[in-house]
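K.L.:
Structure provided below as structure tokens; questions to follow.
The values are calculated or read from the model by the stated rules, or taken from the named source; none is laboratory data. Computed from a predicted structure; not experimentally measured. Positions of Cβ are backbone-derived with ideal geometry, glycine not excepted, and every protein chain shown enters the neighbour counts. Accessible surface areas use protein heavy atoms only, side chains included; no ligands, DNA or RNA. Shrake-Rupley method; radii C 1.70, N 1.55, O 1.52, S 1.80 Å.
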Amino acid sequence: MKVIIIGGGWSGCAAAITAKKAGAEVALYEKTDLLLGLGNVGGIFRNNGRYTAAEELINLGAGDLIRIMDANARHKNIDFPEHNHASLYDVSKVEPDVRKYLSDLGIEVNLIARAATVEMDNRRIKAIKLQDGSLIEGDVFIDTTGSTGAMDNCSKYGNGCVMCVLRCPTFGSRVSISAKAGAADLYSERVDGTPGAFSGSCEVPKDSLSDELIKELDEKGSVVLKIPPEDVNSDKLNIKVCQQYALQQFAENLVLLDTGHIKLMSPFYPIDKLRKIPGLEKVRFMDPYAGGKGNSIRYLAAAPRTNDLKVIGVDNLFCAGEKSGFFIGHTEAICTGSLTGHNAVRFAAKMPLLVLPNETVIGDIISYSNYRLTTENGNRIRHTFSGAEYFNRMKKIGLYSTDNGEIKDKIHRLGLSDIFDKKLV
Ligand SMILES: Cc1cc2nc3c(=O)[nH]c(=O)nc-3n(C[C@H](O)[C@H](O)[C@H](O)COP(=O)(O)OP(=O)(O)OC[C@H]3O[C@@H](n4cnc5c(N)ncnc54)[C@H](O)[C@@H]3O)c2cc1C
């Protein structure tokens, strides 16, 4: 049984692991020279409701990537505005560990291997065709190509190609495999109806900061700097992906986080204005390179899917991560990825597919995001355990917990302990 995964971000890596553990032969194709996609920037995890989700993953038998994140954490259990008990993994160190982990499990990892299109047999994918013309056949396929860019979208709905970590000019554009297979893409909107949203943060090199700021960030993990009143731009809150940070505090202050590089919690920031802030007089951007002017545009390519993460309209295609809905986050990508890899094997083995119950935050966010798309302006809501609408829901319905014992008992009571660790074929 061969499972083919297209896209090596956190969701594709998680899918590869659970499909392999379930007993399939697994090959993953990633267009760039790095796994983890957007996970090579970012780094925040275990903040707010992501803590509960991480512990659920561990108890479901899919804690592999969370453990790698924990092992690469530069800071643990820190707070910054509206976010509690966050960990920050080192974005410059985590990828090689994930790559080694996948290879050690026996997963075939193909880098600089961009899928250009699909070959179909009615509603069934027969093979993916790579950019070099080779055909890759499989029994079941998983689309984890994300939703970022490509350059034409960043130009049309953003401020141009900003040279982000996905490096489309070099490795080629993202391809929506589900759309190529016949399932039309769903897209998210901003509050004014413009399609897509700006990624919400940038990275600057740590050594471009003053010594005092570096010392404070090394010690505390986060620093909050006041933005001069004449430069406060609240409009930026409405255009960004991350509704969990769309708070006035993030307009009036610049939140800096130490993820190995320094994460600036703003979608973009004119460099001359940034250099007015004490400690940032010599700062420049490293991701995206054009962070003074814009950021990548996301959420233009979700696939219609059921709550077992099978793509509607294509017989043998599954999805996860940003591809499976308007989910924001590394943890969210790993949660959906873990379920989809497991279900791809169930599908190929003709076993019933698993839908995680709503007593789990993972099951609940997957079904809630689908439900929300049926409601008015539902495509303007992006979902994350870490804040905004979905975290409020978690708290309201009693799903938020930081009690490891309680989470373990719940997964045990539901009969789901280590389910993703079990061999199916
Ligand atoms: C600047 C920034 C900061 C962020 N910060 C955080 C944070 O601190 N914490 C957090 O939890 N989340 C953060 N996020 C969000 C988070 O990174 C993403 O939601 C999550 O990592 C998405 O994972 P994914 O696997 O769905 O997609 P992606 O990471 O986009 O992965 C998709 C992969 O598919 C590949 N691909 C695309 N097309 C093809 C093709 N045709 N053939 C082969 N490969 C293809 C891409 O190269 C990419 O590697 C941040 C995002 C950005 C942009």
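K.L.:
So if each residue of separation counts as 0.36 nm, and I subtract the Cα-Cα distance between LYS293 and ASP272, what length gain in nm does that give?
P.N.:
Length difference between fully extended and current span is 6.4 nm.
K.L.:
Test of understanding: what is the full-extension gain from ASN84 to LYS423, defined as 0.36 nm times their sequence separation minus their Cα-Cα distance?
P.N.:
Gain on stretching ASN84 to LYS423: 118.4 nm.
K.L.:
Still on this structure: Want the number for ASN238 to ASP409: 0.36 nm per residue separation, take away the alpha-carbon distance, what's left?
P.N.:
57.6 nm
K.L.:
Next question, about the same structure. List nothing, just return the count: lysine pairs in the stretch 252-392, 8 or more apart or interchain, with Cα separation under 27 Å.
P.N.:
13
K.L.:
If you line up the Cα atoms of the chain on their principal axes, what length do they span on each, largest first, in Å?
P.N.:
61, 49, 45
K.L.:
Ignoring ligands, DNA and RNA, what percent of the 1.4 Å accessible area of the stretch 174-228 is carbon and sulfur?
P.N.:
Within the stretch 174-228, the accessible surface is 51 percent carbon and sulfur.
K.L.:
Here is a follow-up. If you roll a 1.4 Å probe over the heavy atoms of the protein chains, what accessible area per residue do you get for the stretch 198-274, in Å²?
P.N.:
39 Å²
K.L.:
Enumerate the residues in the stretch 1-32 having an amide nitrogen under 11 Å from the point lying 7 Å beyond the Cα of ILE112 toward its Cβ.
P.N.:
In the stretch 1-32, the label zone of ILE112 (backbone N under 11 Å from the point 7 Å along Cα→Cβ) covers 32.
K.L.:
Please enumerate, by chain and number, the lysines with C-alpha under 23 Å from the C-alpha of LYS395, excluding those fewer than 8 residues away in the same chain.
P.N.:
Within reach: LYS76, LYS408, LYS410.
K.L.:
Stick to the Cα atoms of the stretch 198-274, pair each with every other, and give me the Kirkwood hydrodynamic radius in Å at one decimal.
P.N.:
12.8 Å
K.L.:
Say we join alpha carbon atoms closer than 10 Å with springs in a Gaussian network model of the chain; which of GLU108, GLU406, GLU30 then has the biggest fluctuation?
P.N.:
Judging by the Gaussian network model, the answer is GLU406.
K.L.:
Once the whole set of protein chains is in place, how much accessible area is left on ARG167, using a 1.4 Å probe, in Å² to the nearest 10?
P.N.:
Using a 1.4 Å probe on the heavy atoms, I get roughly 70 Å².
K.L.:
Each label point is 7 Å from the Cα along the Cα-to-Cβ direction; what then is the distance between the points at THR306 and GLU389, in nm?
P.N.:
2.5 nm
K.L.:
Calculate, for the stretch 299-418, the solvent-accessible area per residue in square angstrom, rolling a 1.4 angstrom probe over the heavy atoms of the protein chains.
P.N.:
35 Å²
K.L.:
Given a Förster distance of 22 angstrom, what is the FRET efficiency for ASN370 paired with ASP315, based on the Cβ-Cβ distance and rounded to 0.05?
P.N.:
My answer for the efficiency is 0.65.
K.L.:
PRE reach from ARG124 (point 7 Å along Cα→Cβ): which of the stretch 161-200 fall under 18 Å by backbone N?
P.N.:
Only 181-183 fall inside the zone, counting backbone N under 18 Å.
K.L.:
For SER401, what charge total do you get from the other residues with a beta carbon under 9 Å from its beta carbon, if Lys and Arg give +1 and Asp and Glu give -1?
P.N.:
Taking every Cβ under 9 Å from that of SER401, the sum is -2.
K.L.:
Also, I was wondering about something else. Can you work out the FRET efficiency for the pair ASP185 and LYS76, with r the C-beta to C-beta distance and R0 = 41 Å, to the nearest 0.05?
P.N.:
FRET efficiency, ASP185 to LYS76: 0.65.
K.L.:
Calculate the spin-label point distance for GLU137 paired with LEU105, positioning each point 7 Å from the Cα along the beta-carbon direction, and give it in nanometres.
P.N.:
A separation of 2.6 nm, rounded to one decimal place.
K.L.:
Can you tell me the accessible area per residue over the stretch 1-151, all protein chains present, probe 1.4 angstrom, in square angstrom?
P.N.:
32 Å²
K.L.:
Hey, another quick one. Give me the Kirkwood hydrodynamic radius of the stretch 60-118, using the inverse of the mean 1/r over all pairs of distinct Cα atoms, in Å to one decimal.
P.N.:
Answer for the stretch 60-118: a Kirkwood hydrodynamic radius of 13.8 Å.
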